[in-house]
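Report on the following structure.
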Amino acid sequence: MKIGFLFPGQGAQAIGMGKDLYEKYEQYRNVYKKVNNITGKFIDKITFEGTEENLCKTENTQICILTMSLAILNLLENKNIKADACMGLSLGEYTSLIYSNALSFEDGVIVVEKRGKLMQELCPDGDWAMIAILGLDEEKIHNICSSVKSGFIAPANYNCIGQIVLSGERLAIQEAVEKAKSEGAKKVVELKTSGPFHTKMLSKAAEELKNELNNIKINDFKVNVIKNLDGALYKKDDNIPDLLAKHIISPVRFDIGIQTMLNLNIDTFVEIGPGKTLSGFVKRTNKDVNILNINNVETLESTIDFLKNGGKNE
């Protein structure tokens with residue numbers, strides 16, 4: 001069995017996510033305490049007791065999702081469950097980099113908190129939206145974006161075959177929705193996000209983040225990590241500050257990343273964090289692999305049983 005960890009990004013958040021894990025496991029709570037101390041924020045209170053509106057602010061969403069994923073990893077480490085490769089969606093790439101030791105725990109938390117703030121504070125004024133379009137190929141999506149006349153729009157995420165996310169001004173997004181439906185899109189879903197992420201509109205945030213990253217030590221990778229930028233493995237000589245700055249303004253190639261993991265013979269995918277969206281992307285790509293997710297006590301325990309028993313449920 002070869003295991004791949006997947007880490008979700010912004011949009012997967014929900015009030016109360018991971019609360020039962022927090023209440024049951026001291027090891028899980030300890031991660032929240034560490035992040036609280038590093039950031040000076042009460043991540044647990046924002047996650048469990050706050051409002052949906054506050055949690056969905058970019059500066060809070062990113063650090064809260066990261067903390068949940070890191071806390072689950074802490075529980076898996078205690079059971080000696082490790083990945084052969086890992087990949088995250090957008091924000092989730094930072095979880096991968098921390099897991100792989102390329103970023104230390106503290107540096108990773110500091111960078112993600114800063115990233116969230118920059119993406120919120122340096123987001124240009126406007127009414128922004130993001131949508132996922134299901135059932136159209138890349139060429140049709142690109143043609144739709146080129147034909148939209150009512151504002152800025154661009155592909156932001158290539159999630160899997162037949163599912164692409166667009167980011168842009170709301171009027172342009174609305175125009176794209178109508179065009180997508182006329183082209184035969186199976187479904188269009190608006191995402192829980194608040195900015196034109198993974199487009200050139202966040203160039204200022206990318207510049208500022210690169211300055212932050214240039215001051216942080218990059219360590220050797222202990223686990224294979226797949227980049228969002230091109231879906232390929234990080235290499236030893238990659239300029240990580242430059243890649244992570246480009247990451248903010250470039251589309252996420254999660255679709256290619258899944259294929260890279262399959263090419264590494266990953267046969268068991270474990271999504272770690274809120275929701276199970278990434279599990280769906282893998283399932284649409286290859287139905288013959290094991291697909292698991294951990295986001296509460298029940299899924300944690302069943303996943304541990306499955307992995308400890310060599311891919312068999314007790």
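Candidates 215, 211, 265, 224: the one that is surrounded by fewer than 15 Cβ atoms within 10 Å (Cβ to Cβ), out of contact with any helix residue (DSSP H, G or I) (no Cβ under 6 Å at 6 or more places or on another chain) and touching a residue at least 60 places away in the same chain (Cβ under 8 Å) is 265. Taking segment 1-34, which residues are among the aromatic types (Phe, Trp, Tyr) and more than 22 Å from the chain's Cα centre (by Cα)? Hit for segment 1-34 is 25, nothing else.
Entry remark, segment 136-173: residues being part of a helix (DSSP H, G or I) and either touching a Cys at 6+ places or on another chain (Cβ under 6 Å) or free of Cβ contacts under 8 Å to residues at least 40 places away in the same chain (or both) number 10 in total.
Being surrounded by fewer than 18 Cβ atoms within 10 Å (Cβ to Cβ) and not hydroxyl-bearing (Ser, Thr, Tyr): is that true of residue 243 here?
On the way: surrounded by fewer than 18 Cβ atoms within 10 Å (Cβ to Cβ): no; not hydroxyl-bearing (Ser, Thr, Tyr): yes.
For residue 243, the condition - surrounded by fewer than 18 Cβ atoms within 10 Å (Cβ to Cβ) and not hydroxyl-bearing (Ser, Thr, Tyr) - is not met.
Which of the residues spanning segment 137-175 are hydroxyl-bearing (Ser, Thr, Tyr) and in contact with a Gly (Cβ under 7 Å, 6 or more places away or on another chain)? Within segment 137-175, no residue meets the criteria.
Annotation: residue 239 fulfils all but one of (1) under 26 Å from residue 132 (Cα atoms); (2) free of Cβ contacts under 8 Å to residues at least 40 places away in the same chain; the unmet one is (1).
Considering segment 3-118, the qualifying helices (runs of 4 or more DSSP H), each wholly inside and each with 3 or more residues that are at negative phi and touching a residue at least 12 places away in the same chain (Cβ under 8 Å), run over 19-24, 26-39, 43-48, 58-78, 92-99.
Each value in this text was obtained by applying a stated rule to the coordinates, not by laboratory testing. Computed from a predicted structure; not experimentally measured. Every residue, glycine among them, receives a Cβ derived from its backbone with ideal geometry; neighbour counts consider all protein chains shown.
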